[in-house]
1. Tell me, what is the 1.4 Å probe accessible area of GLU89, in Å² to the nearest 10?
2. Report, as a whole number in µm² per second, the diffusion coefficient that Stokes-Einstein gives for region 1-53 at 20 °C and 1.002 mPa s using the Kirkwood radius over alpha carbon pairs.
3. How big is the Cα convex hull of region 81-122 in projection, averaged over all directions, in nm²?
4. Please tell me the relative contact order of the chain in percent, rounded to the nearest whole number, where contacts are Cα pairs under 8 Å and at least six residues apart.
5. Could you give the spread of the C-alpha atoms of the chain along their three principal axes, from largest to smallest, in whole angstroms?
6. I'd like the accessible area for SER159, computed on protein heavy atoms only with a 1.4 Å probe and all protein chains in place. Round to 10 Å², please.
7. Quick one: accessible surface of ARG176, probe radius 1.4 Å, all protein chains present, in square angstrom to the nearest 10.
8. Could you work out [θ]222 nm for the chain from helices alone, using -39500 (n - 2.57) per DSSP H run of at least four and dividing by all its residues? Round to the nearest 500 deg cm²/dmol.
Amino acid sequence: MGPPGAGKGTQGELLAQKLEIPRFSTGDILRQAVREGTSMGVEAARFMHAGELVPDDVILGIIGEALEQEESEGGFLLDGFPRTVAQAEGLASLLESMGFELDAIVNLIVPAEEILKRLSTRGRKDDAAETISRRLAVYEEQTRPVLEWYAGTDVRMLSVEGVGAIEAIQAHILERLGP
Ligand code: ADP
């Protein structure tokens, strides 16, 4: 977890490689649906371009499908999800019904000035100035409460500084995750 631009995708990819598990990024899956012009993509694009979250039922559908795949049997990494308390609740019931448990949450901590700098130079379609500020506000309003929600559960929360060299951040994540 972490705000937009925190490096979830970069760190998530490295970590999934290292752990030899699939990584499911809701953002990547949605962008692919948008590119392919599927009905989900057409619906999602409106929200993404406005910096809003895609509706929870769409997202939970994506995750439900991902977890049912055979490659998920040995574990998986979720990137950019859950982003609302409703998604966290939906995930908890999916996991329970499938006999999975969350090992840990990696929360990347990045200061606001650094986030703004990164997003304004990244150049993705939803990185236009007004969209960025809306995404940051949405993070504060809807996603930060998810951290508090997990604090009330017994899932391990690993907060890791997300500033510095990519490899150094990855090393910290691995160290905190432990064997
Ligand atoms: P970033 O973390 O930089 O915002 P993502 O690729 O994770 O990038 O997300 C891009 C956009 O995709 C979000 O702004 C949102 O519109 C949509 N999205 C991704 N994941 C979710 C999710 N779990 N719930 C709702 N919308 C999502």
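The values are calculated or read from the model by the stated rules, or taken from the named source; none is laboratory data. In this text the structure is predicted, and so the values were computed from the model without any measurement. Areas reflect the complete protein model, heavy atoms only, side chains present, ligands, DNA and RNA absent. Shrake-Rupley method; radii C 1.70, N 1.55, O 1.52, S 1.80 Å.
1. 100 Å²
2. On the way: Rh = 12.2 Å.
Estimated via Stokes-Einstein, D reaches 175 µm²/s.
3. Average projection, Cα convex hull of region 81-122: 4.2 nm².
4. Across the chain, relative contact order equals 32 percent.
5. 41, 38, 30
6. We get 50 Å² for SER159.
7. So the heavy atoms of ARG176 present about 100 Å² to solvent.
8. -17500 deg cm²/dmol
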